[in-house]
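This report refers to the structure that appears directly beneath it.
Just so you know, all these numbers are worked out from the coordinates, no wet-lab data involved. Bear in mind the structure is a predicted one, so any value in this text is a computation, not a measurement. A quick note on method: Cβ atoms are made from the backbone with ideal geometry, for glycine too, and the neighbour counts reach across all protein chains shown.
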Amino acid sequence: MTGAFLNALGILLGALFGLAQRAPLPARTQDLFRRALGVATVLFGLRLVWLHVNGPFWSCAKQLFIALIAVTLGNWTGRLLGLQKISNHLGRHASRSIASVQSGAALNAGPGFGACVILFCAAPLGLIGAVSDGLSGDYYLLAVKAAMDALAMAGFMKIFGWPAALSAFPVYAFLGAITLACQAYAKPLLADRGLIDPVNVAVGLVACIIALVIFEVRKVELANYLPGLAIAPLLTRLLG
C-alpha cells in the first residue's frame, strides 16, 4: 500500500503548503508543474510497458498488439457501461459543491470535504495506479498522482479551509482497499496463469493516454478505458 500512503501524504503536504502560502502559485509555475507531471506519467507508463513485455521481438510485438486491442475494446466496453457518464456526474456534483462554498451558500465544511474525496478517489490515474501497485508493487503512478493532488489541495485550502485535508484518509482507505484486493485476490489468480504482465502493459498504455489530458492535447473519456485492464488478461489467455 505504498502508493496509497504516498497519495494521502501528498494531499496532507499540499494542505500544509496551502495553509502557509499567502498567494497562489503563478500560472506559469502551475503550467510548468503540470507539464513535468505529464512527462512523469508518460515515463512511468512506458516503464511499465518496458518491464512487462518480455521475449523475442515477435513475442513482444504480439504482447503489445494484444494490449492495444484490449485497451480499445475496453474503451468500447466503457462506453456501453456509461463509465464516463458516471465520472462526469461525479465531477458535476463536486463542481456544484465547490460553487456552493465559493458563493457562501454552504454553511459547513461538508461540501468541500466531499468534493475533494470525489475528485481524488475517482481519478483514473489513481485507479490504475492502485491496480499496478497491488499486482506488481509498482507505486510510481500513484506517486505522480500524489504530486498532482498536492497541487490541487494547495488551491482547495483557500476555498474550503483545513477540513478539506481530511479527505486524505478516505483516499488512503479507498486506494488501499483496491491495492489489497488486487494483491490478495487478483494477483494469485493471474500469477498462476502468467497473466500479470498483460494487465501492467495495459496500465502503462492507459497512463500514456492520461498524459494526453494532462498536456491538454485532446479531450479523452478516460474512465471508459478502465475495463481494458480486465480485458487484457482475458484476451491474452484467448490468443496466447
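In this simple spin-label model, placing a label point 7 Å from the Cα along the Cα-to-Cβ direction at both LEU90 and ARG237 gives a separation of 2.6 nm. The phi-based Karplus calculation (6.51 cos²θ - 1.76 cosθ + 1.60; θ = phi - 60°) puts the 3J(HN,Hα) values of the stretch 133-146 at 5, x, 7, 9, x, 8, 9, 5, 5, 5, 5, 5, 4, 4 Hz, whole numbers, x for Gly and Pro.
Counted by neighbouring Cβ atoms within 10 Å, the residues ILE11, ILE69, ILE128 run from fewest to most as ILE69, ILE11, ILE128. Going from the residue with the fewest nearby Cβ atoms within 10 Å to the one with the most, THR29, THR77 rank THR29, THR77. Axis of helix 168-181 versus longest Cα principal axis of the chain: the two differ by about 10°, to the nearest ten degrees. For the chain, excluding the exposed loop sites themselves (trypsin sites (Lys or Arg not before Pro), DSSP loop, at most 12 other Cβ atoms within 10 Å), the longest remaining stretch covers 23-192. Does anyone have the angle between helix 83-103 and the longest principal axis of the chain? Alpha-carbon axes, 0 to 90°, nearest 10? Once rounded, the angle reads 10 degrees. Taking Cα atoms only, the orientation of helix 2-20 departs from the longest principal axis of the chain by about 20 degrees.
In plain terms, the chain from ARG193 to ALA20 could stretch by 57.2 nm, reckoned as 0.36 nm per residue minus the Cα-Cα distance. With neighbour counts taken as other beta-carbon atoms within 10 Å, the residues VAL217, VAL39 rank, fewest first, as VAL217, VAL39.
With contacts taken as Cα pairs under 8 Å at a separation of at least 6 residues, the chain carries a relative contact order of 42 percent. Entry note, the chain: the mean residue ellipticity at 222 nm calculated from DSSP H runs of n ≥ 4, each adding -39500 (n - 2.57), is -26000 deg cm²/dmol after division by the residues and rounding to the nearest 500.
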